[in-house]
1. State all residues of region 123-138 that are open to solvent by 20 Å² or more (accessible area, probe 1.4 Å) and within 14 Å of the ligand (Cβ to nearest atom); if no residue qualifies, say none.
2. Open to solvent by less than 20 Å² (accessible area, probe 1.4 Å), near the ligand (Cβ under 10 Å from one of its atoms) and either more than 19 Å from Ala40 (Cβ to Cβ) or at pLDDT 95 or above (or both): is that true of Val104 in this structure?
3. If you go through region 107-122 one residue at a time, how many are more than 8 Å from the ligand (Cβ to nearest atom), closer than 13 Å to Ala173 by Cα and more than 8 Å from the chain's Cα centre (by Cα)?
4. Failed condition for Met202, given (1) open to solvent by 90 Å² or more (accessible area, probe 1.4 Å); (2) in a helix (DSSP H, G or I); (3) within 22 Å of Ile123 (Cα to Cα), with all others met?
5. Take the residues in region 23-69 that are more than 16 Å from the chain's Cα centre (by Cα) and among the charged types (D, E, K, R), then tell me which one is nearest to Glu88 (Cα to Cα).
6. Hey, among the residues in region 223-234 that are open to solvent by less than 60 Å² (accessible area, probe 1.4 Å) and closer than 19 Å to Ala71 by Cα, which one's farthest from the ligand (Cβ to nearest atom)?
7. Taking region 57-91, which residues are farther than 30 Å from Glu250 by Cβ and open to solvent by 10 Å² or more (accessible area, probe 1.4 Å)?
8. For region 37-60, check the following and say yes or no: at least one residue is within 15 Å of the ligand (Cβ to nearest atom), of a type in the set (S, T, N, Q) and assigned to a helix (DSSP H, G or I).
Amino acid sequence: MNDYTDILYDVRGGVARITINRPEKYNAFRGRTCDELIHALNAASWDKAVGVVVLTGAGEKAFCTGGDQSAHDGGYDGRGIIGLPVEELQGALRDCPKPVIARVNGYAIGGGNVLVTCCDLAIASDTAQLGQVGPKVGSVDPGFGTALLARVVGEKRAREIWFLCRRYSAADALNMGLVNAVVPHGELDAAVEKWCQEILAMSPTALAIAKRSFNADSDSIRGIAGQGMQALAMYYETEESKEGVRAFLEKRKPTFRDVLMSPSNEG
Ligand code: 2NE
């Protein structure tokens, strides 16, 4: 698969840059996007010319806003348990034996925020906004989206992020440890480049061992993700979940509790 349509892939000077290229969808991912990201991450993983990977989104507005809601109708449009192989994508980020830096150039929302969580490092523009939206739109990203987030920002914060679905500024994200650095928007590329150059000066094998040893401690979350996705597939079949997707697309507030209490849900 070298004919990418949803991403850009570029290797220069030891850096592999992977860009989600769907700016008209705020860089939301559909099934094909996930497959292309997995393919590019695997290519970067085993290319000896690559020492560090940068993941970002095209344009100025968004890093990634998660699953493409226009490709979601009680399931997504690709393969895997929920029609969107997100758990494989998150695994590919973790399995890549090189440091992966999230270049957070705008909204990192929903599954986009989970990608930031799964990347080894994150550098954000001061214009970025981060957060989860699942319970607002009839979804949830169980596994790395919840359990790894709790390791990154702490249990109370992670629960707040999921239960209230607020948007956080880049400065807030830095305070809670979700990103490593925040820089003025115009300095984002220079900052990312500087971090890449520092990493490229290090021993690749030492970095790979360090990354795998960090991962080993939290890899049981992979099992939680697999189990959670099975539950999510069933949740997507419910009217409660479908109401969330409809409300987002119709730009109105969802009425989850009315759906839950409707006679057709009694039983
Ligand atoms: C990103 C955000 C916060 C922007 O809000 P705002 O108010 O600035 O703009 P608006 O109007 O909401 O969005 C701008 C345009 O981008 C599209 C919108 O539909 C809109 O299109 P137009 O009306 O201009 O044509 N857009 C944005 N995000 C999209 C998306 N994910 N899919 C399709 N179109 C999208 C606000 O838009 C927001 O909160 N977006 C996130 C929506 C969302 O529900 N994401 C998926 C969560 S579930 C998930 O990611 C997931 C997972 O993590 C694991 C498994 C399965 C799913």
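The values are calculated or read from the model by the stated rules, or taken from the named source; none is laboratory data. Note that the structure is predicted; figures quoted are calculated from it, not measured. No Cβ is skipped: glycine too gets one built from the backbone with ideal geometry, and neighbour counts run over all protein chains shown. With ligands, DNA and RNA removed, areas are computed over all heavy atoms of the protein, side chains included. Shrake-Rupley method; radii C 1.70, N 1.55, O 1.52, S 1.80 Å.
1. First pass over region 123-138, keeping only residues open to solvent by 20 Å² or more (accessible area, probe 1.4 Å): 126-127, 129, 133, 135-136.
Matches in region 123-138: Thr127, Gln129, Val133, Pro135, Lys136.
2. On the way: open to solvent by less than 20 Å² (accessible area, probe 1.4 Å): yes; near the ligand (Cβ under 10 Å from one of its atoms): no; either more than 19 Å from Ala40 (Cβ to Cβ) or at pLDDT 95 or above (or both): yes.
No, not satisfied.
3. 2
4. It is condition (2) that Met202 fails.
5. Per the criteria, the residue is Asp47.
6. Step by step, filter region 223-234, then rank; the result is Ala233.
7. Step one: of region 57-91, the residues farther than 30 Å from Glu250 by Cβ are 88, 91.
The answer is Glu88, and nothing else.
8. The answer is no; no qualifying residue exists.
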